[in-house]
Amino acid sequence: MNPLRVGFVGAGFIAGVHASILARDPRAIVSHVFDPDASKSALFSVQHAATAVPSLDDLIGSVQAVYICNPNAFHADVAVRALEAGLQVFSEKPMATSLDDARRVLRAAHSARAVYQAGFNRRFAGVYLELKRRLDAGDLVPTSVLLKMNRGELQRPVWTGDPAISGGFLYETPVHMLDLARFLFGDPVDLVVRARATVYNQLDDFSMLFTFPSGMTAVFASSAHTTWLAPFERVEVYGDHRAVVTEEMDRITFADGVGRPSRVIDFAQRPFEERWGYVEEGRLFLDAVFGDAPPAVSAEDAFATTALVASCYERADDSPAAHHRTLSEVTDQTAVS
């Protein structure tokens, strides 16, 4: 069997991470790259033995699969074109930066004879897989949750500070935590959002309250300007005299009862690509392409996370009506037409 020819759209840091992982899997070969910045394409081509091409059309005509690693606002157009051309698609988060664009990708994925998988790597990080395993096993029945995911700045890369390209702060780093909340606890049935523009010329500080079908609540705080003070990402799950706490992708701590010693599982010494879930999501993408499993994060799943981000922005509206509508009323409007 010949290896899958994979092309990259976008040649930045995350493209390099994915390309390095693919190079270790005999089922795939990194064959082509396109980035509007020709110097980035040239560097990527040297580092990963790929052919740099001058346009997206050239790339689509040369490969069997595409990794979409360009800025957020362009994900949807590339995904639709690739799916319509019959290519397998791995798209970095987010699926799209608007619901209309997300619907276009979802329709294209439904019509295509190809795989679409979204890149929500946290689902495959060891700390969160361990947390989900324990939740699913009933080791801890959550009564409330505290979530934090900050960003140090919206300056690097420069486009992260431009909502026209990033989609807004929530579509950049916090979308991971919103997706993770769905992965761990299911879809919320209600939410309250307060947000302000404090440092940047966009909403950059969010406080949110989610309610889930069980009655469990989760508080999520996220700021765009915290200097990357560690841990910038944290989940605390509380139950009946039990608690689980994660610190980024480095470690997870369990407390099982008053006065009992806590237990720690440490992932900090594992390689970055493995610790952050990139290795596993890449393997699962190739599994799906070769028919061994369904996509690990499907188009439907990616659409639901996009809809949740859109709902958060709608709730951030200062009008009283926006804060008193039920989440079902909002999601009814975001359903696929």
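Would you mind ranking Arg315, Arg27 by Cβ crowding within 10 Å, fewest neighbours first?
Lowest to highest Cβ neighbour count: Arg27, Arg315.
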Legend entry - the range 12-94, relative contact order [Cα under 8 Å, separation at least 6], %: 24
Inset, instruction - Using +1 at the Cβ of each Lys and Arg and -1 at the Cβ of each Asp and Glu in the range 152-276, identify which of Ala224, Pro261, Pro188 lies farthest towards the dipole's positive end. - result: Pro261
Legend entry - Rounded Å value of the spacing that divides the Cα centres of the range 1-79 and the range 136-170: 26
Inset, instruction - Quick one: dipole size for the chain, taken about the Cα centre, charges +1 on Lys/Arg Cβ and -1 on Asp/Glu Cβ, in debye to the nearest 20. - result: 480
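Could you line up Trp159, Trp228, Trp276 from fewest to most neighbouring Cβ atoms inside 10 Å?
Fewest-to-most Cβ neighbours within 10 Å comes out as Trp228, Trp159, Trp276.
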Inset, instruction - Give me Thr198, Thr51 ranked fewest to most by other Cβ atoms within 10 Å of their Cβ, as a rough exposure proxy. - result: Thr198, Thr51
Inset, instruction - Classify the range 62-120 as rounded, prolate or oblate from the Cα gyration tensor: take a ≥ b ≥ c as the square roots of its eigenvalues, call it rounded if a/c is under 1.5, otherwise prolate when a/b beats b/c and oblate if not. - result: oblate
Legend entry - For the range 1-125: rounded, prolate or oblate by the Cα gyration tensor [a/c cutoff 1.5]: rounded
Legend entry - For the range 72-230: rounded, prolate or oblate by the Cα gyration tensor [a/c cutoff 1.5]: oblate
Legend entry - Centre separation in Å (Cα based) which lies between the range 178-197 and the range 203-238: 9
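All of the numbers you see were taken from the coordinates with simple rules; none came from a lab. These numbers come from a predicted model, not from an experiment. Reconstructed Cβ throughout: ideal geometry from the backbone, glycine too, with neighbour counts over all protein chains shown.
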